[in-house]
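Enquirer: There's a structure below that I have some questions on.
Just so it is clear, none of the values below were taken in a lab; they were calculated from the coordinates. Please read these numbers as outputs of a predicted model, since none were measured by experiment. A quick note on method: Cβ atoms are made from the backbone with ideal geometry, for glycine too, and the neighbour counts reach across all protein chains shown.
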Amino acid sequence: MFYLRLVRGYRVLDLGRWLLTATAAAVVAAFLLRALGRALSDPPGAHATLERLLWCLPPLLAIGWFTAIAARALPTQRPERMAGLTAAGAGPRWIRLLIAGELALACALGAVATLLLFLVLRNNIAGPSLAPELGMGVPLPPAAPVALLALLPLAGGLAAAAAVRPGERLPGGEEPDRARHFGPVRTSAAVLLTIGGILTELYALRPAAAYDPRTLGLPADLGHTNAALLGGWAVATLGLALLTGPLLAGTGWLLALGRPSPQRLLAGRGLTGAARELSAPLAMLAFTVAVVLTSVRHWVAPGAEGTGLLPAAEALLTTGCMVGAVLARLAELRALRRPGSTALLRLGASPRLLFGAAMLRWAAAGSVVLATGALTAVLGAGMLT
Amino acid sequence: MSAAPPDNDVLWARGIVKSHQGTPALRDVSIAVREGEVLAITGARGCGKSTLLGCLSALLPVDSGEVWFNSSPVHTLSRAGREKLRRDRFGFVGSQPHLVPELTARENVALPLLLAGAGHKASYSAADDWLERLDVTDSAKRRPAELVQSQRQRIAVARALAPLPRVVFADDPTAPLHREAQDQVLRILTSAARSHQLTLVLATHDPELAKYADRTVALVDGRTPAPATPVRRAAAVVAGQ
């Protein structure tokens, strides 16, 4: 009942978070139930059962990632709600529980909707083509779907509970210095990983290695590769992801170099200040989009076999969750920047100047994401062909 | 339209009414601020001091009534016109420092000058100058998050004074400070106003601090109790001032 009352105060952003969580949970629930249906239809001891369950892991992680970032954004986005809950006697633990509960509830609703559809379809409504996916004609052990679907609210809720930081937003809460710089160790480790990974992959791709057997089979109809290529790509990708933050901070520093105009100064320093907060969601987005685009390019290449519905649906869902996570983090940053913008407007800065600075900041951040994403995609394509 | 106010009033308001989403903040306020004076507006919390300062400093448009600055109307200005006025003529210190978090102290102080179109060198040398006067030169290269509250508030004061505005508005500038720091900030504000012929409009709930002012206007529930013309000369200045 409490959550229903909260829903009455929802704005577009809150509704978007709810709908994205519930939709993603519904799709993952469909994957899980299909794995269950196939397991019921197949003869006992078939190997593919575990593999099908493993396929549900990436989208489950994507949902966890999105709920974690959305949960962390919530206290900043709705300070008046936090103040109200605190005044009503809710401590940090209680607030953490409430936020985690809200996201777990959205996950549970999505999962239950899919379960109802599954049960209805099993009732001899689905055609013969869907029958093996649903395990039709085989009695359903009731504990199985419940246990599988409990994974969803559990993953969403736990990720949200771990990520939320209610203390910062409570009265007297210590505001951390968000603009802390990246240490030299972190930056140089990221650079070394990236260069090492790229060199390993280039070495494995040298002309003399053309007859190297590619024995490592990749999932999702992505063909074969070998261990050196895959290892090089993975290391370079990790390096690029770690490098996203320092690159954002560096780009901001470059923007404010020399004798900057107020617009360039605000854009550059703002980007450097937000680099730490933005780096993780942007790195994940760049990685996901790069992997998805590389896979799609491989699937639609002339002479390729294409792929099934499952990898395509997973690519779409994971990308959606990553985009949602970036949007949630942007909403959080926007709420955090509000006092600074108010001060600037008070000083007589025109809204056009602030808008221009924001555009400049986003163009710079976009180019960093584009660069790391493109490099990840190019390395991935090199690994596949 | 009524005639422009007398020349010795730099800022002048008559019969201003302002409400926030239906909640009346100012019911009927008339006030005149003379060139170069330090005027204290006193009153309990919620009596409309901040709103009055907002209306006088061209931040908030008035619902009705008139505001004149330097014999030209403020209440008829467009939003862009009010922005320009705030940028070029007015300075503001709030009850919280409200610095831009990602800029260093020096950049924060230079920012209003840069916004007003002053050169890079002139802006930063004025910033350094004011940071030194406020005794926060050591913090020039640091960001607000690395400083303590009294340093931040002094930087906010430097930011308001650096462009040498005609009028400085201070809305409870000592709220986040301890007693000693309060006295220091107010002394700096008033002495800067006197030495540079700035006009200072100071809102405070603390009658103690009104001793720094040449004149005091009391605000009660969004009204000035007496006519706007010099209400009462508050014991002009305490001995030693």
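Enquirer: Neighbour counts of other C-beta atoms within 10 Å: give me B:Leu26, A:Leu140 arranged from fewest to most.
Expert: Lowest to highest Cβ neighbour count: A:Leu140, B:Leu26.
Enquirer: Just to be sure I understand: of the beta bridges DSSP finds with both ends in the protein assembly as shown, what percent are antiparallel, rounded to 5?
Expert: Among the beta bridges of the protein assembly as shown, antiparallel pairing accounts for roughly 50 percent.
Enquirer: For chain A, which longest stretch is free of loop sites, where a loop site is one of the GluC sites (Glu not before Pro) that DSSP puts outside H, G, I, E and B and that has at most 15 other Cβ atoms within 10 Å?
Expert: It works out to A:1-173.
Enquirer: Moving to a separate point now. Over the stretch B:1-117, with a single point scatterer placed on each C-alpha, what log10 of the ratio I(q)/I(0) does the Debye formula yield at q = 0.13, 0.17, 0.23 1/Å?
Expert: -0.58, -0.95, -1.41
Enquirer: Suppose we keep just the DSSP beta bridges with both residues in chain B; what percent of those would be antiparallel, to 5?
Expert: 45
Enquirer: If you don't mind, there's one more thing I want to ask. Based solely on C-alpha atoms, express the radius of gyration and the Dmax of the protein assembly as shown in angstrom.
Expert: Cα-based Rg and Dmax for the protein assembly as shown come out at 31.3, 100 Å.
Enquirer: Further, regarding this structure: Determine the principal axes of the Cα atoms in the stretch A:184-384, then give the extent along each, sorted from largest to smallest and rounded to whole angstroms.
Expert: 67, 37, 26
Enquirer: Loop-only GluC sites (Glu not before Pro) in the stretch B:26-127, please: DSSP not H, G, I, E or B, and at most 16 other Cβ atoms within 10 Å.
Expert: B:Glu35
Enquirer: At 1.002 mPa s and 20 °C, plugging the Kirkwood radius over alpha-carbon pairs of the stretch A:1-124 into Stokes-Einstein gives what diffusion coefficient in µm²/s?
Expert: Reported coefficient: 130 µm²/s.
Enquirer: Around A:Ala256, what is the net charge, scoring Lys/Arg as +1 and Asp/Glu as -1 over all other residues with Cβ under 12 Å from its Cβ?
Expert: +2
Enquirer: Under a point spin-label approximation (7 Å from Cα along Cα-to-Cβ), what is the A:Ala113-A:Val191 distance to one decimal in nm?
Expert: So the label points at A:Ala113 and A:Val191 sit 4.9 nm apart.
Enquirer: Could you rank the peptides B:54-65, A:109-120 by their average count of other C-beta atoms within 10 Å per residue, with the highest value first?
Expert: Ranked by mean Cβ neighbours within 10 Å, highest first: B:54-65, A:109-120.
Enquirer: I need to check one value: relative contact order of the stretch A:184-384, counting alpha carbon pairs closer than 8 Å and at least 6 residues apart, in percent.
Expert: Across the stretch A:184-384, relative contact order equals 29 percent.
Enquirer: Just to check, using Stokes-Einstein with a Kirkwood Rh over alpha carbon pairs, what's the diffusion coefficient of the stretch A:229-309 at 4 °C and 1.567 mPa s in µm²/s?
Expert: 87
Enquirer: GNM on chain B, C-alpha springs below 10 Å: top fluctuator among B:Ala44, B:Ala80, B:Ala210?
Expert: Highest fluctuation among the options: B:Ala80.
Enquirer: Output needed: percent of Cα pairs per 5 Å distance bin for the stretch B:9-218, bins running from 0 to the one holding the longest distance.
Expert: Pair shares across the bins are 1, 7, 16, 19, 21, 16, 12, 6, 2, 0.
Enquirer: Moving on. Where does chain B land at 222 nm, in deg cm²/dmol rounded to the nearest 500, when only DSSP H runs of n ≥ 4 count, each adding -39500 (n - 2.57), divided by all residues?
Expert: Rounded to the nearest 500, it is -9500 deg cm²/dmol.
Enquirer: What is the local net charge at B:Ser30, summed over the other residues whose Cβ is closer than 12 Å to its Cβ (Lys, Arg +1; Asp, Glu -1)?
Expert: Net charge around B:Ser30: 0.
Enquirer: Sticking with this one: Counting helices only, and only those DSSP H runs with n ≥ 4, report the 222 nm mean residue ellipticity of chain A as the sum of -39,500 (n - 2.57) divided by its residues, in deg cm²/dmol to the nearest 500.
Expert: Computed mean residue ellipticity for chain A: -26500 deg cm²/dmol.
Enquirer: Roughly how large, in nm² to one decimal, is the mean projection of the convex hull of the alpha-carbon atoms in the stretch B:58-129?
Expert: The number I arrive at for the stretch B:58-129 is 6.3 nm².
Enquirer: Take each uninterrupted DSSP H stretch in chain A, measure its Cα extent along the helix axis, and return the ones at 15 Å or beyond whose mean Kyte-Doolittle hydropathy is at least 1.6.
Expert: A:92-122, A:143-163
Enquirer: Which net charge results when you count Lys and Arg as +1 and Asp and Glu as -1 among the other residues whose beta-carbon is under 12 Å from that of A:Leu130?
Expert: After counting each charged neighbour, the total is +2.
Enquirer: Based on alpha-carbon positions alone, could you give the equivalent ellipsoid semi-axes of the stretch A:81-128 from the gyration tensor, as √(5λ), descending, whole Å?
Expert: Here the semi-axes work out to 40, 7, 6 Å.
Enquirer: Enter the angle in degrees (range 0 to 90, nearest 10) between the Cα long axis of helix B:149-161 and the first principal axis of the Cα atoms of chain B, meaning the one along which they spread out most.
Expert: 70
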